Every structure is written in structure tokens, then in C-alpha cells.
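Here the structure is laid out as C-alpha cells; the discussion comes afterwards.
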Amino acid sequence: MQAIQIKKAVTKRLQQDFSGQPFSTADLRQLFLPVLIDRTFLIMFGFINTALISASGSATIAAVNLVESLNVFLVSMISAVALAGTVLVARDFGAGRIGKVSKLMTTSVFVTLMVGMLFCFGILGFKTPILEMVFGSAQADVMAIAQFYFLGVLLTYPSLAILEGINGVLRGINRTKSTLTISLFTNLLYLVLSLILVIGLKQGVLGLIIAMNLSRILGAIFAFRLLLRSMREDQFKLSRMTQISRHQMLSVIKTSLPFASEQLFFNGGKIIMQMIVVQLGTTAIAAHAIVSTLAPMSEIIPVALSIVINPIVGQSLGQQNPQGAKKITRVFLIYGSLMVYAMDFLVMIPTLPLLMRLFHVASDVQPIVRQAYWVVVIFHGLAFACFAILPTVLKAARDAVYSTTISLVTMWGIRVVLGYLLAKTCHLGVIGIWLVMAAEWLVKDVILYARFNRKEWE
């Protein structure tokens, strides 16, 4: 009975918050729920991925974590191009320029694929020097596993780029159910294959590589078929799909540059932080990897909100409704923060001992994980909703240069510099790393929210 009353109260409040908006609560559910489920499965599969390799020991966990820091950096560049496609498609779709959308969708996917292929074949021959240059202080057994795993990850980039590009344009036309279907197909296939290869056939890291490549190739084929079906249902001109506009290519690249620049600075800083962690030893790397796997579990809702709000703001501005875009942003910030704290205190903290057993966390690693995660919990709700949502909103409002500049200053001026001082000079280790990350979240949030309030949107 109490749960029903709470649901009614929340529904009533949402209806009040969305009064006068071009998007109703029903519209929001249609957009949000598929993305939320998508992000949940995505993070859960990352969670399961870490659990699968944890039985192989701290060296394997450390190696995969090192490669993933580079992987996140490179994938963020691919995602930046896909996000540019979402922004451009959403604006034309919201303004009713349907004829322009068909060609733009194909162009966006093509540009995303080109970036993926460039990264795959451009880096393939230099994978070992890159790893040695960045993480050369890691132990020999960790580096050997990392080199092999990095090869397998690079080979997935062309198919991953197709997936990212298609998902990006589908979100731009509000086809979030299709993106959910694509994600479920790809990730469930990866899960089944990895369980068979890693648990059943005992193939370890090789099993992860094979599962990752097969699932993304088949996922890309499946995504392309859904894109064709979506275009037919929405009565887009399929004849325009074979037309790639040079002007639109330049527009996608130009729009992606601020997104890519921010990711370059942000994830480049994360790589520097990972280099600092590597110097602390294999135990520290493993602890940092476990906390980095656990933290996204409570970030599912704000990250989903940040994805959904991109086309909402883009379409609201296309309809000449900047005040509606600002109101919906404030609503998202409030609910996102509340949900982060709810997840941390109701789910993550009570289950932390069980989760560490699941990950086969060594006894010397467990105290570091517990202390670092409490740092995350204290600051999560205050910072992450703003951290996830505000940069996306400012980019959608064509204020990306400011957001990118702030990301550069806070990442390198706070996280990198203070991270080194606390971790190495003050000997706080991994705890110092996470304290600095929390401080960077808060400073960035204050600056971006002030900009959000002052900025006059068109």
C-alpha cells in the first residue's frame, strides 16, 4: 500500500514538473526506459566481465584494467562522432526537415565507421610501444596479458563504430526501443559466448576476445537491419541512404570536434591517472579496477538521463522552446542526484562484502576497496548527476566550447596535479586518487551550473 502511495506521489510530481512541456511524462517514459534498460545491461555486462576474469588473479584484473583505460579513451572518440550525429539528426527531425534526415543518418554512420577503422588499423602495429610507453612500469606478467588483450580489443573497433553510429542516429529520431533491442542482442550474445568460452572451455582472456569480436560483428549486422526497418516505418526516403553528402560529412566532423576534444582531455587525464596508479603496484591497480567497476552501478540512472536529454534538448531548441529545455534539465538534475544516493545506500553498500567475494578480491586489496568506495558514496549524488547531464545539455545548446574548456582545466588542473600529490607525495595511494576525483566533480559542477543559469539559449 505504501509503495502504491509513493508511486502516485512521484507520478503527480512528475506531471507537475512536465506541465507546459513539449514532452509529456509518457513521452519521457518512452525515451527513458529503453535507454535505462540499455545502460543497465551495458554496465551489468561490464560487471560480469570483471567477475569472469577475477578468478585468474590480480595480474589479469590489472592487465584488463590498463587496456580498458586506453579502450575508453579511443571509444570515446568514436562515440563523439556518433553523438554529433544524434545532435544533428535530432535538430533536423525536431524542425520537421525529414528530407534532410535520411541522407544525414547514412553520412553520420559512415563517418563514425571511418574513425573506427582508422583507430583499428592505425594503432594495430604500434600496440606494444604504446602500452610500454604509457604503462611501462607495470610488472612483466601484467604487460604480457595487456598486450594480448589490447590486440583483441582493437579488432572490434570497425564493428563497434557501426553499432555506435547507428545507435546515435536512431536516438536522434526517438527510436530508443530499437537501440535497446540492439544493445540486448549484442550484449546477451557476448554474455553467452563469454560464459561458454571462459567458464565452460577455460579460455580466459582469449575467450573474452573471441566473444567480444563475434558479438559486435553480429550486432552490427543486426543494427543495420533495424535501421532499414526504422526508416521504412518512418517513411524516410531509402534512396537517400546511398547518398553521402560531403557538406554533411564536414558538419558531422565539425560538430563532433568539441565532443571529441572534451573526451580527449578528460580520458587523456584518466590515462595519466592510471599511469600514477600503475606506479603504486599491482595491488593498487586491482583495487582501483574493482572500485571503477562498482561505481558505475549507481550511475546508471544519471547516465541514462544524460543520453535521453540530448535529443530532448535538441528537439526543444528546434521548436524554439529554450525555457522548456532548461526546465527539463533542472528536473533531470534533481531526480538523477536522488537516484544516485538511493542506489549507493540501498544497494551498493549493503552488498559490498558479497560483491568482493564475487570478484575474488584478495585480502590485501579489500581494505583499499572499502575505503575508496566510501569516498565515492559520499560525493556521488552531489556531483555525478550534474557531471553527467550538464556537459551534454550545454553541447546540445551549442555551448560546447565552454564545457570543453572547463573539462580541460578541472581534469588537468585538479585531478592530475592533485592526484599525483595525494597519491605519491602524501602517500594516500588509491584513496588519494578517489578523493581528488570527487573534488574535481564538485568544482566542475559548480562552474557548469553557473554557466547553465546565465546562458541565454536560442
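The values are calculated or read from the model by the stated rules, or taken from the named source; none is laboratory data. Worth saying up front: this structure is predicted, and the values here are computed from it rather than measured. All Cβ positions, glycine included, derive from the backbone under ideal geometry; neighbour counts span all protein chains shown.
With respect to the conditions (1) closer than 30 Å to residue 280 by Cβ; (2) within 25 Å of the chain's Cα centre (by Cα); (3) modelled with pLDDT under 80; (4) surrounded by fewer than 20 Cβ atoms within 10 Å (Cβ to Cβ), residue 41 falls short on a single one, namely (1).
The residues on offer are 109, 115, and the sole one that is surrounded by 21 or more Cβ atoms within 10 Å (Cβ to Cβ), touching a residue at least 60 places away in the same chain (Cβ under 8 Å) and not polar (S, T, N, Q) is 109. Across segment 310-362, the qualifying residues are those that are surrounded by fewer than 16 Cβ atoms within 10 Å (Cβ to Cβ) and among the basic types (Lys, Arg), and the one among them that is nearest to the chain's Cα centre (by Cα) is 330. Of the helices (runs of 4 or more DSSP H) lying entirely inside segment 384-458, the ones with 3 or more residues being within 24 Å of residue 371 (Cα to Cα) are found at 417-420, 429-454.
Of the residues making up segment 120-129, not a single one is surrounded by 24 or more Cβ atoms within 10 Å (Cβ to Cβ) and either closer than 17 Å to residue 231 by Cα or modelled with pLDDT of 90 or more (or both).
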